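K.L.:
Dumping the structure here so I can ask a few things about it.
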Amino acid sequence: MISPASLPDAWGRFGPYGGKFAPEVLMPALEELESFYAQIKDDPAFKAELDGLLKDFVGRPSPLYFAERLTEYCGGAKIYLKREDLNHTGAHKINNAIGQVLIARRMGKKRIIAETGAGQHGVATATAAARFGMECVIYMGSVDMARQAPNVFRMRLLGATVVSVESGSKTLKDAINEAIRDWVTRIGDTHYVFGSALGPHPYPMIVRDFQKVIGEETERQMLEKEGRLPDHLVACVGGGSNAIGLFYNFLDKPSVKMVGVEAGGEGIASGRHAARFEGGVLGILQGARSYVLQTAQGQIAETHSVSAGLDYASIGPEHAYYRDAKRIEYTYATDDEALDGFHKLCRLEGIIPALESAHAVAHVLKLAPKLGKDQLMVVNLSGRGDKDMQTVMDAAPYMGQHGSAQ
Amino acid sequence: MSGTSVNPANRIDAAFARLKSEGKKAFIPYIAAGVPGNTETVELALSLEKLGADVLELGYPFSDPMADGVVNQAAATRALELGVDDAVYLGMVRDIRAKSPDLPIVVFSYLNPIFRLGLRDFALRAKAAGADGFLLVDMPVEEADEMLAICKELDLRFIFLAAPTTTPERLDKILEVGSGFLYYISRTGITGEQTGFQEGFEKKLTAVKAAAKIPVVVGFGISTPDQVRAVCALCDGAVVGSALVRRTLENKPWPAMRAELETLAASLIAPAKVVIKAKS
């Protein structure tokens, strides 16, 4: 029996996953955040303020859009896109960033820090900090800064300081290490806005709670349009915040099937990927126990994905739990498949998706044709692709010259 | 056996018992295993002991040391590049132990490598090689039950960190199960050399010392004889890490590097060895 509301437990565990594996210096701050959040989350004034901002600042609810030509092309299930790409700042990340910045304000913190991979969480956090006039520092791996240059510029426009992280693989994991180092040094006046359903408790819970609006809206919208629940949900999974945001509301509705799509990079056999459920084993990374891509010696493996936002060595603990429970299925899409999904969505629907979301689209291209036309499918279009222009140009330089490549 | 019980057969307990009887304080160097090389690490450990080091914290490298500053992070990266793994690390422990029957050795790391190698299996191998205890930076008291049971079974000590941000309630929990000694972090932040102590440090340390039945030592940011002297006046010893590790990362021939490390260590050890008249 699935009872999503009972998780995580008081220790922050989802079965054997999750927990609070943090250095002692962080533990009191995590406890403070946990108890403050417990007080505030059902406070009507807090909810009213958050709901107001989500509606008028973010632009929620995001549309549930019938992808008519993609549906025709696949020739199977009826495909809907949950348009998180239409949110202010262009991705689902703003849902969580606004929520956490509101918490930080109420906790009396003056300074906001965050890590970012693709830059979407960094932009969302910089946006929320600017909205409330708070100092903001974003940590970003130098490899990611190069491949997501427009987002770096956006963060700076919004008044944030973007710190280039040169350690390790110079990607998301290293940005998190650096943000944690900042936080332990400035614990008194700083709130760390964690961007995904990862890290030590209470972050996986808080991030999920701020993202679950995606699934709640989807249910209402689907009932309005089709008079029933969807049959299939598809979302990409890096840390897993957009996926848990869509899935959470449906976990206790057994007729709804769910698939999370990891980054298959250059293929599992190549070793250059970020598919934690394919190549990972149980481990502890950055505060949580979950599946981790690592060596036999327990050193964290270097990951690869064409999309910076999925390029991470571990996966949110709640995902690991529901995989064990066989409630959510996980698969992967390679870089090439994701790029194909990217181009298909551009041409068929006039929507340029983020490369992260394109992994979900890639799986839809495989799954939808196998399903009957009476089946309803929702894909979380977690972000828009403007930030990925350079990566796509590098991968397919002929595009835009002839305009006909498929 | 409670966490605070003392067994003179354990080298960590024996070292602090000896220091107490002599009216001296502990000097605890932290070095990164395998930097600048494996034989150099063994030689350095033995030199430090000869100069008066009381406990050795031997860093086991991890690719993602989130609580460490640039120096220890760079050392971990270097150690991994040089091929330090479980076998190489335990080889160094064995080589130190072969020449030094008494120097207590603490395996200092993050949880994931030890977890991956198998907590009990690795603890058994470490014990057999001659290690005396563990300190795992990202394993707080709430997550430590299994490792504590293993350490108890094998008569290894498990050393916890406490920080200025640690509440009295958390400190009680830590002191209830921690053993060997308590490593008190002198400031909020990451490892690395600092010039001064944070405000309220003395008062907080005095309170921690009063609550603890096991020895309390202070580390993070200690790099000068004056700091060692100040810390040793308030507790049972000082840990010096980055100041030593930084010098092991320099591009210098080993004899010169070693001489420099010995000069530095001698200057830092002296203030810990001024005999204090016992209070009781």
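K.L.:
Kindly list, by first and then second residue, each pair from a residue in region B:240-257 that is acidic (D, E) to a residue that is surrounded by 10 or more Cβ atoms within 10 Å (Cβ to Cβ) and at pLDDT 95 or above, limited to pairs with Cβ atoms under 7 Å and residues at least 6 apart or on different chains.
P.N.:
What qualifies is B:E250/B:M257.
K.L.:
Mind checking which residues of region B:93-117 are in a loop (DSSP other than H, G, I, E, B), more than 10 Å from chain A (Cβ to nearest Cβ) and surrounded by 21 or more Cβ atoms within 10 Å (Cβ to Cβ)? So that I can check it myself, show each step before the final result.
P.N.:
Within region B:93-117, the subset in a loop (DSSP other than H, G, I, E, B) is B:100-104, B:110.
Adding the requirement that they be more than 10 Å from chain A (Cβ to nearest Cβ) leaves B:100-104.
Within region B:93-117, B:L103, B:P104 meet the criteria.
K.L.:
When you scan region B:34-53, do you find a residue that is basic (K, R) and within 18 Å of the chain's Cα centre (by Cα), even just one?
P.N.:
yes
K.L.:
Select from region A:237-294 the residues that are within 14 Å of chain B (Cβ to nearest Cβ), within 17 Å of the chain's Cα centre (by Cα) and touching a residue at least 40 places away in the same chain (Cβ under 8 Å) and list them in ascending order.
P.N.:
Within region A:237-294, A:Q286, A:A288, A:S290 meet the criteria.
K.L.:
Here is a further query. May I ask you to list the residues in region B:138-158 that are part of a loop (DSSP other than H, G, I, E, B), within 11 Å of chain A (Cβ to nearest Cβ) and in contact with a Gly (Cβ under 8 Å, 6 or more places away or on another chain)?
P.N.:
B:D138
K.L.:
Please work out if B:G52 is more than 13 Å from chain A (Cβ to nearest Cβ) and surrounded by 19 or more Cβ atoms within 10 Å (Cβ to Cβ).
P.N.:
So B:G52 fails the test.
K.L.:
Residues B:L135, B:L234, B:L175: which one is closer than 23 Å to B:A17 by Cβ, within 14 Å of chain A (Cβ to nearest Cβ) and not in a helix (DSSP H, G or I)?
P.N.:
Being closer than 23 Å to B:A17 by Cβ, within 14 Å of chain A (Cβ to nearest Cβ) and not in a helix (DSSP H, G or I) holds for just one of B:L135, B:L234, B:L175, which is B:L135.
K.L.:
When both residues are 6+ apart or on different chains and their Cβ atoms are under 7 Å apart, which pairs have a first residue that lies in region A:8-20 and is within 12 Å of another protein chain (Cβ to nearest Cβ) and under 17 Å from B:N112 (Cα atoms), and a second that is small (G, A, S) and not in a strand (DSSP E or B)?
P.N.:
Taking only residues 6 or more apart or on different chains, the pairs are A:G18/A:G12; A:G19/A:G12; A:K20/A:G12; A:K20/A:G287.
K.L.:
All but one of (1) aliphatic (A, V, I, L, M); (2) more than 30 Å from A:E31 (Cβ to Cβ); (3) touching a residue at least 24 places away in the same chain (Cβ under 8 Å) hold for B:I150, so report the exception by its number.
P.N.:
(2)
K.L.:
Same structure again: Is region B:196-213 home to any residue that is in contact with a helix residue (DSSP H, G or I) (Cβ under 6 Å, 6 or more places away or on another chain) and β-branched (V, I, T)?
P.N.:
The answer is no, given that none of the residues of region B:196-213 is in contact with a helix residue (DSSP H, G or I) (Cβ under 6 Å, 6 or more places away or on another chain) and β-branched (V, I, T).
Here's the yes/no breakdown for (1) within 21 Å of the chain's Cα centre (by Cα); (2) in a strand (DSSP E or B); (3) not aliphatic (A, V, I, L, M):
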{"residue": "A:V306", "(1), (2), (3)": "yes, no, no"}
{"residue": "A:A320", "(1), (2), (3)": "yes, no, no"}
{"residue": "A:A333", "(1), (2), (3)": "yes, yes, no"}
{"residue": "A:H363", "(1), (2), (3)": "yes, no, yes"}
{"residue": "A:N380", "(1), (2), (3)": "yes, yes, yes"}
{"residue": "A:T391", "(1), (2), (3)": "yes, no, yes"}
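K.L.:
Search region A:68-85 for residues that are surrounded by fewer than 22 Cβ atoms within 10 Å (Cβ to Cβ) and modelled with pLDDT of 95 or more and pair each with any residue that is of a type in the set (D, E, K, R) and assigned to a strand (DSSP E or B) when their beta-carbon atoms are under 6 Å apart and the residues are at least 6 apart or on different chains.
P.N.:
Qualifying pairs under 6 Å: A:T71/A:K78.
K.L.:
Which condition from (1) modelled with pLDDT under 95; (2) within 23 Å of A:A128 (Cα to Cα); (3) out of contact with any Pro (no Cβ under 9 Å at 6 or more places or on another chain) is the one that A:K170 breaks?
P.N.:
Unmet for A:K170, out of (1) modelled with pLDDT under 95; (2) within 23 Å of A:A128 (Cα to Cα); (3) out of contact with any Pro (no Cβ under 9 Å at 6 or more places or on another chain): (2).
Every residue, every condition in (1) of a type in the set (F, W, Y); (2) not in a helix (DSSP H, G or I), yes or no:
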residue	(1), (2)
A:A10	no, yes
A:F21	yes, yes
A:L26	no, no
A:E31	no, no
A:S35	no, no
A:K47	no, no
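K.L.:
Let me ask something else about it. Could you say whether any residue in region B:179-192 is surrounded by fewer than 18 Cβ atoms within 10 Å (Cβ to Cβ) and either polar (S, T, N, Q) or at pLDDT 95 or above (or both)?
P.N.:
For region B:179-192, residues surrounded by fewer than 18 Cβ atoms within 10 Å (Cβ to Cβ) and either polar (S, T, N, Q) or at pLDDT 95 or above (or both): absent.
K.L.:
Now for a different question. Modelled with pLDDT of 95 or more and either in a helix (DSSP H, G or I) or crowded, with 24+ Cβ neighbours inside 10 Å (or both): does that describe B:L90?
P.N.:
Here the answer is yes, as B:L90 does meet what is asked.
K.L.:
Condition (residue is surrounded by 18 or more Cβ atoms within 10 Å (Cβ to Cβ) and farther than 27 Å from A:G372 by Cα) applied to region A:38-53: is it met by at least one residue? Don't jump to the end; show me each part of the working.
P.N.:
The initial filter retains those residues of region A:38-53 that are surrounded by 18 or more Cβ atoms within 10 Å (Cβ to Cβ), namely A:50, A:53.
Now restrict to residues that are farther than 27 Å from A:G372 by Cα: A:50, A:53.
Checked region A:38-53: at least one residue is surrounded by 18 or more Cβ atoms within 10 Å (Cβ to Cβ) and farther than 27 Å from A:G372 by Cα.
The values are calculated or read from the model by the stated rules, or taken from the named source; none is laboratory data. Small disclaimer: the values here were computed from a predicted structure and weren't measured. Every residue, glycine as well, gets a Cβ built from its backbone with ideal geometry; the counts of neighbours run over all protein chains shown.
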